[in-house]
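The values are calculated or read from the model by the stated rules, or taken from the named source; none is laboratory data. Note that this is a predicted model, so its numbers are computed, not measured. Here Cβ is always computed from backbone atoms with ideal geometry, including for glycine, and neighbour counts include all displayed protein chains.
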Amino acid sequence: MTLLDLDGDGEVDFLEFIEFIAEITTELQEMYLHNIVQYNRVPKFSAHTQSEKAIVTLIKVFYKYAGKGGDPLGLETRELRQLLRKEMPTLNPCLESNNQFKEMLLSLDRKQKGEVDFKEFMGLVANFAVVVQTTFANNDCDDDDDDDDE
């Protein structure tokens, strides 16, 4: 609990939770790459829950678009635009102008290498999740398909 409760208030808020998920997903992706490099095989993940499936899906989506133009471990500008258009159509309109997209890319590309690695991509996903959660909280939306009893 203390690892998740970053502000020490005794509760894990959504921002702390999503940062934890982003970190776990990045660690899983690194284990995935390690298995490929070390053992020359793609590991199989047994994803049983919706959360586990979402994590595996994020990794798969990243690699579906990464490497088409060069580095298989990073998303070049063109690849990131394509991923956003096809996989994040709700977010994409917010980045339609070149200036908005360039600003977002500069904020993600911390190493300033002209591409976004997986950890940087997960930063985008985490920020998007916070925006979506804030929207739901402000609209008092209640998900009828909520599976809290599982």
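Summary table below
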item: Test result for ARG41, free of Cβ contacts under 8 Å to residues at least 12 places away in the same chain, among the basic types (Lys, Arg), in contact with a helix residue (DSSP H, G or I) (Cβ under 7 Å, 6 or more places away or on another chain) and exposed (fewer than 11 other Cβ atoms within 10 Å of the Cβ); result: yes
item: Subset of region 83-100 (residues that are modelled with pLDDT of 90 or more and either of a type outside the set (Asp, Glu) or touching a strand residue (DSSP E or B) at 6+ places or on another chain (Cβ under 9 Å) (or both)); result: LEU83, LYS86
item: Answer residue from region 44-78, given it is closer than 29 Å to LYS102 by Cβ and among the acidic types (Asp, Glu) and is surrounded by the most Cβ atoms within 10 Å (Cβ to Cβ) among those; result: GLU76
item: Residues of region 5-49 satisfying the condition of being of a type in the set (Ser, Thr, Tyr) and either within 26 Å of ALA137 (Cβ to Cβ) or assigned to a helix (DSSP H, G or I) (or both); result: THR25, THR26, TYR32, TYR39, THR49
item: Residue list for region 64-123, filter: within 24 Å of LEU33 (Cα to Cα), assigned to a loop (DSSP other than H, G, I, E, B) and not aliphatic (A, V, I, L, M); result: GLY67, LYS68, GLY69, GLY70, ASP71, PRO72, ASP109, ARG110, LYS111, GLN112, LYS113, GLY114
